[in-house]
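Asks: Can you read through this structure? Questions will come right after.
The values are calculated or read from the model by the stated rules, or taken from the named source; none is laboratory data. Everything numeric here is computed off the predicted structure, so don't read it as measured data. Glycine also receives a Cβ, built like all others from the backbone with ideal geometry; neighbour counts cover every protein chain displayed.
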């Protein structure tokens with residue numbers, strides 16, 4: 001607590017991080033408010049409260065020194081992630097836990113905590129002067145990642161895949177042996193393939209009881225066969241239709257027709273709802289914003305003189321952008337249906353808050369990069385700021 005107070009008291013409340021990311025995130029939030037407002041009712045009031053909490057998380061993590069936060073709380077965060085995973089698996093909620101009568105999604109927070117732990121585990125060793133990780137250290141990271149991915153996959157396969165991909169990107173960036181990473185990927189492909197076959201046959205005779213794996217297989221079956229006898233393709237058909245009927249002649253905010261029939265139109269299918277009412281130009285703009293955020297996170301990673309900062313910023317940028325692209329891909333029927341929300345656009349308190357915290361950490365890394373560069377070469381720092 002003393003560390004938090006010291007960091008906040010030292011801050012002069014003059015933004016010094018990556019201004020481009022802050023502007024892009026703000027633009028996504030404006031689009032989000034317009035989209036939720038178009039649904040009518042009082043839902044926008046709850047959404048505004050969630051947005052406020054999201055930016056509170058962003059501001060707090062931006063102000064704090066990410067190196068102190070991550071190094072001091074990474075292991076505790078791992079314990080919290082384990083606890084949340086166990087509680088979520090035992091919970092009756094679909095993708096989270098039930099608190100005060102509301103379902104709270106936990107997988108986004110679990111994913112963020114796992115990324116923080118892995119980047120701290122690897123970055124701390126490189127920062128201490130270690131040239132490369134030992135086989136035991138690499139295996140430890142891989143085991144932690146696989147355990148969480150397996151636990152999450154039982155209830156949300158797409159989230160598990162995104163977390164696994166992010167972990168592998170972090171390991172690759174952390175100079176893990178390529179042969180080891182290839183072996184892990186091959187093992188995962190084989191195991192997932194065998195499990196899919198088991199669940200597939202179980203779904204045919206109604207005996208599949210492995211979490212929501214049966215739902216995942218049914219959606220996958222529709223994606224490849226386009227047979228919708230069981231109704232698992234209804235959402236994808238409506239989403240694709242909403243996008244197809246818009247183009248350069250959108251319905252306008254609040255005038256969407258298909259959106260009103262689309263389940264989860266402000267969460268899992270937010271992009272299709274937005275596209276129907278705002279059209280192709282806004283749809284392309286949203287994709288461009290996410291790609292620009294990823295580019296800026298990559299640039300922040302390259303500029304970091306700290307191994308932890310480099311791994312954390314690139315990992316968070318990849319994780320964040322991957323969620324967005326998977327959501328958009330599902331809405332456009334380029335990918336099988338999943339339960340991914342669209343960061344900073346979909347409504348929902350937990351997903352928005354975690355997205356805000358993740359961007360706050362990313363901005364904290366960029367702020368510390370500027371401070372470090374200023375100490376090394378003030379003239380270069382001036383040039384960077386002018387740009």
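Asks: Would you mind finding the one in 285, 281 that is assigned to a helix (DSSP H, G or I) and free of Cβ contacts under 8 Å to residues at least 12 places away in the same chain? First the steps, then the outcome.
Replies: Numbers: 281 fails: free of Cβ contacts under 8 Å to residues at least 12 places away in the same chain.
Going through 285, 281 in turn, just one is assigned to a helix (DSSP H, G or I) and free of Cβ contacts under 8 Å to residues at least 12 places away in the same chain: 285.
Asks: Regarding region 24-32, can at least one residue be identified that is over 22 Å from residue 279 (Cβ atoms), in contact (Cβ under 8 Å) with a residue 24 or more places away in the chain and part of a loop (DSSP other than H, G, I, E, B)?
Replies: Within region 24-32, none of the residues are over 22 Å from residue 279 (Cβ atoms), in contact (Cβ under 8 Å) with a residue 24 or more places away in the chain and part of a loop (DSSP other than H, G, I, E, B).
Asks: Can residue 350 be described as part of a helix (DSSP H, G or I), touching a strand residue (DSSP E or B) at 6+ places or on another chain (Cβ under 7 Å), at pLDDT below 95 and on the phi < 0 side of the Ramachandran plot? Break it down into steps so the answer makes sense when it comes.
Replies: Details: part of a helix (DSSP H, G or I): yes; touching a strand residue (DSSP E or B) at 6+ places or on another chain (Cβ under 7 Å): yes; at pLDDT below 95: yes; on the phi < 0 side of the Ramachandran plot: yes.
So residue 350 passes the test.
Asks: Which of the following residues is outside any helix (DSSP H, G or I) and within 18 Å of residue 177 (Cβ to Cβ): 130, 137?
Replies: 130
Asks: Also, I was wondering about something else. Of the conditions (1) more than 27 Å from residue 17 (Cβ to Cβ); (2) modelled with pLDDT of 90 or more; (3) more than 20 Å from the chain's Cα centre (by Cα); (4) crowded, with 16+ Cβ neighbours inside 10 Å, residue 63 clears all except one; give me its number.
Replies: Every condition holds for residue 63 apart from (1).
Asks: Out of all the residues in region 115-125, is one or more touching a helix residue (DSSP H, G or I) at 6+ places or on another chain (Cβ under 7 Å), outside any helix (DSSP H, G or I) and closer than 30 Å to residue 264 by Cα?
Replies: No, region 115-125 contains no residue that is touching a helix residue (DSSP H, G or I) at 6+ places or on another chain (Cβ under 7 Å), outside any helix (DSSP H, G or I) and closer than 30 Å to residue 264 by Cα.
Asks: Test of understanding: among 334, 325, which residue is without any contact (Cβ under 8 Å) to a residue 60 or more places away in the chain, within 15 Å of residue 291 (Cβ to Cβ) and either touching a strand residue (DSSP E or B) at 6+ places or on another chain (Cβ under 9 Å) or surrounded by fewer than 22 Cβ atoms within 10 Å (Cβ to Cβ) (or both)?
Replies: Of 334, 325, the one residue that is without any contact (Cβ under 8 Å) to a residue 60 or more places away in the chain, within 15 Å of residue 291 (Cβ to Cβ) and either touching a strand residue (DSSP E or B) at 6+ places or on another chain (Cβ under 9 Å) or surrounded by fewer than 22 Cβ atoms within 10 Å (Cβ to Cβ) (or both) is 325.
Asks: Identify, please: which residue in region 222-263 is surrounded by 20 or more Cβ atoms within 10 Å (Cβ to Cβ) and within 30 Å of residue 191 (Cα to Cα) and is, among those, modelled with the lowest pLDDT?
Replies: So the residue we want is 232.
Asks: Here's another thing I want to ask about it. Taking region 34-47 as the search range and keeping residues that are touching a helix residue (DSSP H, G or I) at 6+ places or on another chain (Cβ under 7 Å) and part of a helix (DSSP H, G or I), which one is surrounded by the fewest Cβ atoms within 10 Å (Cβ to Cβ)?
Replies: Per the criteria, the residue is 43.
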